[in-house]
Every structure is written in C-alpha cells, then in structure tokens.
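The values are calculated or read from the model by the stated rules, or taken from the named source; none is laboratory data. Since the structure is predicted, the reported quantities are computational estimates derived from the model, not experimental observations. Here the Cβ is made from the backbone with ideal geometry for all residues, glycine too, and neighbour counts use every protein chain on show. The area values use the complete protein model at the heavy-atom level, side chains included, leaving out ligands, DNA and RNA. Shrake-Rupley method; radii C 1.70, N 1.55, O 1.52, S 1.80 Å.
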Amino acid sequence: MHRPTLHTAAAISLVAGLSTLAHATVSTFDAGSEGWSVADTAGAGDYSTLISELAVTWQAAGGNPGGAIAASDTTNNTIMFRAPESYRGNRAAAAGFNLTFDITTTHASWTADTVVVLKGAGLTLVSEFALPMTDVWNSVTIPLVASSFRVNNAAGAVAGDDQFAALLADVDELWINAEYGNGLIETTRLDNVNFPVPAPSVLALAPVALALRRRR
C-alpha cells in the first residue's frame, strides 16, 4: 500500500484547512439557514444592545440563486441579520478584502439603518451602504478597511486603523440590516454572504497543495 510522503500529508492537511476556512466564511443558504438568526436592536443609530434574538425563515428557492434566508418585521425596533459563531473570532486575515452579500426587500421607506455592524474588542463599527431597490437582488460590497467604517453609527468618526485592526482580531458580532420598511410591513431576504477569503499568503499555497495532492 502506498504511503503518502510527509509533503503529501502536509498538502492534504493544508487543503483541508483551506476548505474549512472557506466554508466558515461563506453562506449560500442552499441547504438551510446555516446558523443565522435575527437581531432585534434599538436601531436608528443605536447598535449597542441586542434586545432579543429571533428566528429567520429559510427558503429553499428564490435566492440568488438557490436558497436564501428571510426576516419579516415583527417588532417596532430595528431588525438585522445576525451571523453565526463561525463568522466570529480572529478575522484579521480579512483586512483589505471585501465583505459581500446579496439582499432584497419588499419596502424601502426606512433609511435610518442601512448599515453593516461589526462589534468586538469593545468597539462598534458601522459601514453604510446604498438603500436596496425593492423586489430585486442587490449586490453589496463593503471594503474591509478602516476608512469604510465609522465609530458607533453612520454619523460617527471615521474608524482609525488601530481600532479597525483590533476589532477584526476579535469579532463578536456581524449584523446586516434587514429593516427597510417604515412600519411592520417589509420582508427582507439575504443570500451569498462572504466574509471573506483567506489572506493572499495563504491563498498562494493552495495551487501547490492541490498539485501535491493530485500526485499522491
């Protein structure tokens, strides 16, 4: 029986590690809600407190493409999609990449909370994006650099490089706004969240690892 060499074994381990990391940072919702939930927050610029955690609805079809998750507004607060545990922790390798996702909503009459919220290291940083057009999928890109984020809310000071680095190294929460209707009227869906790929130094090893694995 052929026994893999040390280099081959290392390649197998590296490929497995890369696959795990990729899985932990991408949500396509094709098979389920993947641990996502809904954060009920004060909103209107106040993202300091998670009031309660609500369930999302998984939809097997109607995504962009495939499945998606949906949140229907049932509170007088601001609801946000809340990322699961796999998105938290040390995300320093994401610096300089883009957080991307697709979103669609049935109403666009509430404009106060069109933000992505990152919390960690005692900080709350938010990045504002364009109000989604209704009833079509909107692709959103958030550059993961300090200048894309403001402290506490969209009117706050621009985040410093040290603040942003500290937060990425210890992410506690990732929230994506689901509140776009003025009243309990809207349903918002989310698909294809990517937060994001490994650092270039790690990616550069992937072709070598895959080549070694094929030679096993």
- Query: Highest mean first, what order results for 25-31, 173-179 on Cβ atoms within 10 Å?
  - Reply: 173-179, 25-31
- Skip the ligands, DNA and RNA, and give the accessible area per residue of the stretch 53-162 with a 1.4 Å probe, whole Å². 44
- Quick one: what are the phi-derived ³J(HN,Hα) couplings along the stretch 74-90, Karplus 6.51/-1.76/1.60 with θ = phi - 60°, whole Hz, x for glycine and proline? 10, 10, 8, 9, 10, 9, 9, 5, 10, 5, x, 4, 5, 8, 9, x, 7
